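Enquirer: This structure is in structure tokens; I'll ask about it shortly.
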Amino acid sequence: MKETDKSVAGTSIVRISSSGTEEVDDSIAVEEPLEIRLGYTDAHKGRIHKSISITMRTPGDDISLACGFLFSESIIRSIDEITSIDDSADNVIRIELKENLQFDLTRLDRHFYTTSSCGVCGKASLEALSTSGYDALRDNNFTISRKILTKLGSNLREKQPLFSQTGGCHATATFNANGNIVSVTEDVGRHNAMDKLIGGMLRAKILPMQDMGIIVSGRASFELMQKALVAGCPMLAAVGAPSSLAVELAQEFNITLVGFLSSTGCNIYHNSEAIL
């Protein structure tokens, strides 16, 4: 296997088609582990440095990925709570938090409830968001026309270079009411693509987002909805289907949720008034 850049690798394959069998070169999305190490102050133990996550991701935008992860898991609430970021080591990001920064230390000692296989019930998952200080978006005034909305999928597809090369990654993007794709991130993991997107906005200090929606190239899971909520996103549109818990979260926190988005239509699971 020959690596062409950090996110794409080249390999030789045997391709079988109706015209026969041939050996050809192919491009594949790179998947490598990223370790996120956190430095923070414990009231009893002093300064602590701890590995808090190892995620399989596509290299690129690693700093945004790490920042987005910390933000979406409520460890930080602002980019200003970070004093330094070190990405000099391969596949390791080291982040130092401000002295005496207060956050829920138990989040560092468990695998977060947002994975679909964790066994935590839906009610407990929604209550965990409420107890973390997240309220329903009462002032959700983001609207978009049906004609513009149904064009978003094709607009996103045109802005996925990694998918065009490999066919093996997810995309997450922000869009405005005019249907313009503002920013796009890609990764082999859909949650990583979302963290990269949110981390980029966090670093640019444009959170919470009120006048933009998020579109994802696959399904809408509870995990992605949770991250959208933390970012203050008023609308999430998915090319695929939502899960039941994603629908419950959308209803509980008043986020417009669209699924099965295509050029011919979509399903609206919450807040149909937002689609003009």
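The values are calculated or read from the model by the stated rules, or taken from the named source; none is laboratory data. All values derive from a computational prediction rather than experimental measurement. All Cβ positions, even for glycine, are placed from backbone atoms using ideal geometry, and neighbour counts span all protein chains on display.
Enquirer: So which residues in segment 29-45 are over 15 Å from ARG57 (Cβ atoms) and buried (at least 20 other Cβ atoms within 10 Å of the Cβ), if there are any at all?
Expert: Passing the criteria: LEU38, TYR40.
Enquirer: Any idea which of GLY218, GLY213, GLY167 is over 15 Å from the mean Cα position of the chain (by Cα) and either over 20 Å from TYR269 (Cβ atoms) or not hydrophobic (A, V, I, L, M, F, W, C) (or both)?
Expert: Numbers: GLY218 fails: over 15 Å from the mean Cα position of the chain (by Cα); GLY213 fails: over 15 Å from the mean Cα position of the chain (by Cα).
Of GLY218, GLY213, GLY167, the one residue that is over 15 Å from the mean Cα position of the chain (by Cα) and either over 20 Å from TYR269 (Cβ atoms) or not hydrophobic (A, V, I, L, M, F, W, C) (or both) is GLY167.
Enquirer: Moving on. In segment 192-217, how many residues are free of Cβ contacts under 8 Å to residues at least 60 places away in the same chain and not in a helix (DSSP H, G or I)?
Expert: Counting residues in segment 192-217 that are free of Cβ contacts under 8 Å to residues at least 60 places away in the same chain and not in a helix (DSSP H, G or I) gives 6.
Enquirer: Could you please find all residues in segment 244-265 being part of a strand (DSSP E or B) and surrounded by 20 or more Cβ atoms within 10 Å (Cβ to Cβ)? Lay out the reasoning, then the answer.
Expert: Kept after step one, since they are part of a strand (DSSP E or B), are these residues of segment 244-265: 256-262, 265.
THR256, LEU257, VAL258, GLY259, LEU261, listed by residue number.
Enquirer: For the condition among the hydrophobic types (A, V, I, L, M, F, W, C) and either at positive phi or not in a helix (DSSP H, G or I) (or both), what is the one hit in PHE103, PHE69? Walk me through it before giving the result.
Expert: Values: PHE69 fails: either at positive phi or not in a helix (DSSP H, G or I) (or both).
Testing whether each residue is among the hydrophobic types (A, V, I, L, M, F, W, C) and either at positive phi or not in a helix (DSSP H, G or I) (or both) leaves just PHE103.
Enquirer: Which of the following residues is at pLDDT below 95, of a type in the set (Gly, Ala, Ser) and surrounded by fewer than 17 Cβ atoms within 10 Å (Cβ to Cβ): GLY240, GLY218?
Expert: The match here is GLY218.
Enquirer: Residues of segment 13-28 being of a type in the set (Asp, Glu) and either closer than 29 Å to GLY60 by Cα or touching a residue at least 24 places away in the same chain (Cβ under 8 Å) (or both), which ones?
Expert: ASP25, ASP26
Enquirer: Also, I was wondering about something else. Which residues, taken from segment 155-171, are assigned to a loop (DSSP other than H, G, I, E, B) and not hydrophobic (A, V, I, L, M, F, W, C)?
Expert: If the condition is that a residue be assigned to a loop (DSSP other than H, G, I, E, B) and not hydrophobic (A, V, I, L, M, F, W, C), then GLU158, LYS159, GLN160, GLY167, GLY168 are the ones that fit.
Enquirer: Could we say that ILE93 is outside any loop (DSSP other than H, G, I, E, B) and over 19 Å from the mean Cα position of the chain (by Cα) here? If you could, list the steps in order and put the result at the bottom.
Expert: Numbers: outside any loop (DSSP other than H, G, I, E, B): yes; over 19 Å from the mean Cα position of the chain (by Cα): no.
Here the answer is no, as ILE93 does not meet what is asked.
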